[in-house]
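The numbers here are math on the coordinates, done by the rules we state, and not lab data. In this text, all values refer to a predicted model and were calculated from it rather than measured experimentally. Cβ coordinates were reconstructed from backbone atoms using ideal geometry, including for glycine residues, and neighbour counts include every protein chain displayed.
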Amino acid sequence: MSIILGLESSCDDSAAALVTSDRRIQAQTVVGQAQAHQPYGGVVPEIAARAHVEILPALIEQVLNEARMSIGEVDAVAATAGPGLIGGVMVALLAGKGLALAAGKPLIAVNHLEGHALSPRLADPDLDFPYMLLLVSGGHCQLLEVRGVGDYSRLATTIDDAAGEAFDKAAKLLGLGYPGGPAIEELAEGGDAGAVPLPRPLVGSNEPHFSFAGLKSAVQRAVASGEYRREDIAAAFQQAVVDCLVDRTRLALESSEAPALVIAGGVAANDAIRAALADLAARESRRFSVPPGWLCTDNAAMIAWAGAERFAAGLCDDLDVPARARWPLDFSAEKVRGAGIKA
Ligand code: KG4
Ligand code: ZN
């Protein structure tokens, strides 16, 4: 049994966690910065980086205290090394390097996307490789076949916006705060999804990818028309995203024998999306797994867990490992039209 300290600061959440190789979360804490970014309607990279510098050290102290441990008792330090906002990424990575150096512990540089990709295995001990993963977050929307630790094959990605980005932009158009996903989900509860006609980009297409830009523009027109209730627009938007995710995932499953369908990333916290993908898995005779909501949105338990999986595989890093703004899970995946800016 090993115990890993995980550190995360790649976007607007500062987080630290202690997780064991037998899936016990000894302590974990996340401090979000939503309020600091709220006036801007999105994450301001420099504000985020400065806040991580101020917040992260206290979180490290807090999890060690909660677990009644000293840094000398952990087996390795795992820190997110990308992809993300580079100023923020550097904070956890450098904190991790400093701790590893001072305590003489191995450092594990974790790809944030691998943190999301492996997080379902922390919550679900029976989830074995391979599995089909729908990774839906603020920066990414991908379908990946997860074959093992560090072994990913990307089947689809977005040609424009990520799923979470679409929620955030639609929320802004509806005058809701940031992050938009939870706000839209709440507003949609009182709405009628059938009351507003919205497109389902790429649904039915043989092209494997996702697209959400046209949906956002349609929301913009629906809001501007003044014809619809805000809760109906929110419900219709959420249903359109659900339909896109289900259709694209169904297509990917056609070319995969993976016995399980898994969703992860912040957008996987959405109950309508969880329910629709669970239905799809049942129809396609695949096992379904999704982590609890708190493990879907950014946290350090998933970074510690990815660290534990990499540590068990002997995958540690040197102290000169770089911070990366872009870091795809599947380097061999072709760039797709319009997606050059995504990791
Ligand atoms: O994984 P995450 O916390 O950070 C990134 O790595 O990007 O994902 C954040 C994204 C945001 O776009 C947020 O609006 C979305 O996840 N999100 C949701 C929900 N909770 C968070 N989207 C839809 N429904 C939710 N309940
Ligand atoms: Zn994330």
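Apply the Karplus parameterisation 6.51 cos²θ - 1.76 cosθ + 1.60, with θ equal to phi minus 60°, to every residue of the stretch 291-302 and state each ³J(HN,Hα) to the nearest whole Hz, in sequence, with x for glycine and proline.
x, x, x, 5, 8, 7, 6, 4, 7, 9, 4, 5
Could you name the lysines whose alpha carbon sits less than 30 Å from that of K97, not counting residues in the same chain fewer than 8 places away?
Excluding near neighbours in sequence, the set is K105, K342.
Mind listing the phi-derived Karplus ³J(HN,Hα) values for the stretch 52-68, rounded to whole Hz, using 6.51, -1.76 and 1.60 with θ = phi - 60°, and x for any glycine or proline?
Calculated HN-Hα couplings, in order: 4, 4, 7, 8, 4, x, 5, 5, 5, 4, 4, 5, 5, 4, 4, 8, 6 Hz.
Percent antiparallel among DSSP beta bridges with both residues in the stretch 10-110, to the nearest 5?
65
Please state the shape class of the chain: rounded when a/c is under 1.5, otherwise prolate if a/b exceeds b/c and oblate if not, all from the C-alpha gyration tensor.
Here the chain falls in the prolate category.
What is the list of residues in the stretch 177-214 whose amide nitrogen lies under 17 Å from a point 7 angstrom out from the Cα of Q35, following Cα to Cβ?
Under 17 Å, as judged by backbone N against the label point of Q35, lie 177-179 of the stretch 177-214.
Amide H of T158: which non-local residues (sequence gap of 5 or more, or other chain) have their own amide H closer than 5 Å, using H built in the peptide plane?
C141, F210
May I ask for the angle, rounded to the nearest 10°, between helix 112-123 and the longest principal axis of the chain, with both axes built from Cα atoms and the value confined to 0 to 90°?
Once rounded, one gets 90 degrees.
Just to confirm a number: summing +1 for Lys and Arg and -1 for Asp and Glu over residues other than I3 whose beta-carbon lies under 11 angstrom from that of I3, what do you get?
-1
Can you tell me which of 127-134, 217-224 comes out highest on packing, and rank the rest after it, using the mean Cβ neighbours within 10 Å?
Highest-to-lowest ranking by the protection proxy: 127-134, 217-224.
Give the peptides 163-172, 69-78, 305-314, 96-105 in descending order of average Cβ contacts within 10 Å, highest first.
So the order, starting with the most tightly packed, is 163-172, 305-314, 69-78, 96-105.
Taking the Cα centre of the chain as the origin, how large is its charge dipole in debye, to the nearest 20, when only Lys and Arg (+1) and Asp and Glu (-1) carry charge on their Cβ atoms?
Charge dipole of the chain: 420 debye, to the nearest 20.
Mean separation of Cα pairs under 8 Å and 6+ residues apart, divided by the residue count of the chain: what relative contact order is that in percent?
Worked out over the chain, it gives 24 percent.
Only bridges with both residues in the stretch 127-290 count here: give the DSSP antiparallel percent, nearest 5.
60
Please give the length that would be gained between D192 and Q62 if that part of the chain were fully extended, namely 0.36 nm times their separation in residues minus their C-alpha to C-alpha distance (nm, one decimal).
In short, 42.4 nm is gained.
Take every DSSP beta bridge with both residues inside the chain and express the antiparallel ones as a percent of the total, to the nearest 5.
In the chain, DSSP labels about 60 percent of beta bridges as antiparallel.
Using just the helices of the chain, give the 222 nm mean residue ellipticity in deg cm²/dmol: DSSP H runs with n ≥ 4 each add -39,500 (n - 2.57), and the total is spread over all residues, rounded to 500.
Counting only the DSSP helices, I get -13000 deg cm²/dmol.
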